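Please read the structure below before turning to the comments.
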Amino acid sequence: MSTSTADNHFSFTLPSLSYIDTSLEDQNRVEDVRPARAGGLSEWLAVRVAAFRAWSAQRRAMGELSLMSDRELMDVGLNRGDFARMFDDTANADLHARGNR
């Protein structure tokens, strides 16, 4: 069921498309490129907001774990002594030292 179709049978035409970078096509084009500022208030604020969110999530998780009974903690393979290792990187310094050997 193959029939030939001529271009004049279509009610639309596609524009001539090119996949070459537009800067190579139009010689008169001037781009307004501003270098990205390193730092700045928005980046400083974004870092602080991300740190606050991480701290808040950590506090919520710690609160939920502390509400669990010893039996419930044992069911998930934890005990109360593991809390420091889970939430404080300085408590894991010995593990990091062993991994770097």
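None of the figures in this text is laboratory data; all of them are computed from the coordinates on show. None of these values were measured; they are calculated from a predicted model. Cβ: placed from backbone, ideal geometry, glycine included. Neighbour counts: every protein chain shown.
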Cβ pairs under 7 Å, 6+ apart or interchain, first in the stretch 51-64 and without any contact (Cβ under 8 Å) to a residue 40 or more places away in the chain, second in a helix (DSSP H, G or I) and surrounded by 10 or more Cβ atoms within 10 Å (Cβ to Cβ), ordered by first then second residue, are 58/87; 62/83; 62/87
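For the stretch 60-85, which residues satisfy the criterion of being surrounded by fewer than 11 Cβ atoms within 10 Å (Cβ to Cβ) and part of a helix (DSSP H, G or I)?
So in the stretch 60-85, the residues surrounded by fewer than 11 Cβ atoms within 10 Å (Cβ to Cβ) come out as 60, 63-64, 66-67, 69-71, 75-77, 79, 81.
Across the stretch 60-85, the qualifying residues are 60, 63, 64, 66, 67, 70, 71, 75, 81.
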